[in-house]
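Q: The following block contains the structure, expressed as structure tokens.
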Amino acid sequence: NDFADRHIDAHVSRTAGRPLATGAVSPREALAVAVVLALIAFVLVLTLNWLTIYLAFGGLMLAAVYPFAKRYTHLPQVVLGAAFSWAVPMAFAAQTETVTPLAWLVFLVNLLWTVGYDTMYAMADKPDDLRIGVKSTAILFGDFDRHMVGLFQALTLIGLVLMGLRFELGASYYVGVVVAAALFVYQQFLIFDRRPTLCFRAFLNNAWVGLAVFAAIVVDYALAG
């Protein structure tokens with residue numbers, strides 16, 4: 001991603017200090033590291049079943065397409081969401097040798113969450129993106145960007161509740177969902193005036209959302225076991 005964006009990053013205040021943008025790392029060095037890491041990942045995937053190996057090629061395609069999506073579509077956040085979420089069907093395939101409808105529910109919930117938080121990330125870069133011609137959902141949604149982030153957050157919460165019901169999780173899990181909802185409200189407060197620094201802070205705050213849901217799942221299974 002940094003390789004594809006090395007010329008763009010130099011013109012965005014938040015990313016101008018990245019190693020490729022400054023020249024601290026050469027494009028050839030970056031590609032060499034990427035190839036080595038990809039080969040290591042491929043060797044690891046080969047230890048799994050055939051379905052997981054097949055799915056890995058889908059993940060590779062999404063990872064390869066994403067860095068260039070912002071040049072051609074206002075929906076790079078959706079591509080990123082699909083790329084991040086592709087780990088879900090791969091994990092199900094690796095563990096159960098099948099991809100159930102529940103796996104696609106988790107995939108969808110994670111995709112919705114990603115589009116929401118990455119739109120806040122794009123809101124932080126919106127002035128620079130408009131100036132250099134880069135596309136994003138933040139630009140696509142225009143003055144309704146905060147409302148659309150709220151919609152994706154609401155859909156994420158609905159999806160989390162559905163996951164809890166389908167996986168038959170207990171009360172501890174729903175405590176985590178409530179915490180996630182509270183954090184979403186806080187993020188809406190941060191992005192209210194669309195100040196880039198606060199939009200970026202709202203984006204980073206999603207690490208706590210992930211931790212809250214993850215911890216709730218761990219606690220719920222621990223209590224059930």
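The values are calculated or read from the model by the stated rules, or taken from the named source; none is laboratory data. Note that this is a predicted model, so its numbers are computed, not measured. Cβ placement follows ideal geometry from the backbone for every residue including glycine, while neighbour counts extend to all protein chains displayed.
Q: Can we say VAL149 is surrounded by 19 or more Cβ atoms within 10 Å (Cβ to Cβ) and not in a helix (DSSP H, G or I)?
A: Details: surrounded by 19 or more Cβ atoms within 10 Å (Cβ to Cβ): yes; not in a helix (DSSP H, G or I): no.
The answer is no for VAL149.
Q: For ARG131, state whether it is touching a residue at least 24 places away in the same chain (Cβ under 8 Å), within 26 Å of THR52 (Cα to Cα) and of a type in the set (D, E, K, R). I'd like the intermediate steps shown before the answer.
A: Details: touching a residue at least 24 places away in the same chain (Cβ under 8 Å): yes; within 26 Å of THR52 (Cα to Cα): no; of a type in the set (D, E, K, R): yes.
It is false that ARG131 is touching a residue at least 24 places away in the same chain (Cβ under 8 Å), within 26 Å of THR52 (Cα to Cα) and of a type in the set (D, E, K, R).
Q: Another question, if that's okay. Looking only at residues that are of a type in the set (A, V, I, L, M) and without any contact (Cβ under 8 Å) to a residue 40 or more places away in the chain in segment 174-189, which one is surrounded by the most Cβ atoms within 10 Å (Cβ to Cβ)?
A: The qualifying residue surrounded by the most Cβ atoms within 10 Å (Cβ to Cβ) is ALA180.
Q: Among the residues of segment 89-103, what is the count of those that are out of contact with any Pro (no Cβ under 7 Å at 6 or more places or on another chain) and more than 13 Å from LEU51 (Cα to Cα)?
A: Going residue by residue through segment 89-103, those that are out of contact with any Pro (no Cβ under 7 Å at 6 or more places or on another chain) are 89-98, 100-102.
Within this subset, residues satisfying the condition of being more than 13 Å from LEU51 (Cα to Cα) are 101-102.
Within segment 89-103, residues that are out of contact with any Pro (no Cβ under 7 Å at 6 or more places or on another chain) and more than 13 Å from LEU51 (Cα to Cα) number 2.
Q: Is at least one residue of segment 7-15 part of a helix (DSSP H, G or I), buried (at least 18 other Cβ atoms within 10 Å of the Cβ) and assigned by TED's automatic domain parsing to the domain that holds PHE184?
A: no
Q: Condition check: exposed (fewer than 15 other Cβ atoms within 10 Å of the Cβ), small (Gly, Ala, Ser), over 27 Å from LEU165 (Cβ atoms) and out of contact with any Lys or Arg (no Cβ under 9 Å at 6 or more places or on another chain). Does ALA41 satisfy that? Outline the logic, then answer.
A: Values: exposed (fewer than 15 other Cβ atoms within 10 Å of the Cβ): yes; small (Gly, Ala, Ser): yes; over 27 Å from LEU165 (Cβ atoms): yes; out of contact with any Lys or Arg (no Cβ under 9 Å at 6 or more places or on another chain): yes.
Considered against the rule, which asks whether it is exposed (fewer than 15 other Cβ atoms within 10 Å of the Cβ), small (Gly, Ala, Ser), over 27 Å from LEU165 (Cβ atoms) and out of contact with any Lys or Arg (no Cβ under 9 Å at 6 or more places or on another chain), ALA41 comes out as yes.
Q: May I ask you to list pairs of residues, at least six apart or on different chains, whose Cβ atoms are under 8 Å apart, with the first in segment 204-225 being under 17 Å from ALA171 (Cβ atoms) and at pLDDT 95 or above and the second being in a helix (DSSP H, G or I) and polar (S, T, N, Q)?
A: From residues that are under 17 Å from ALA171 (Cβ atoms) and at pLDDT 95 or above, the pairs are ALA216/SER172; VAL219/SER172; ASP220/SER172.
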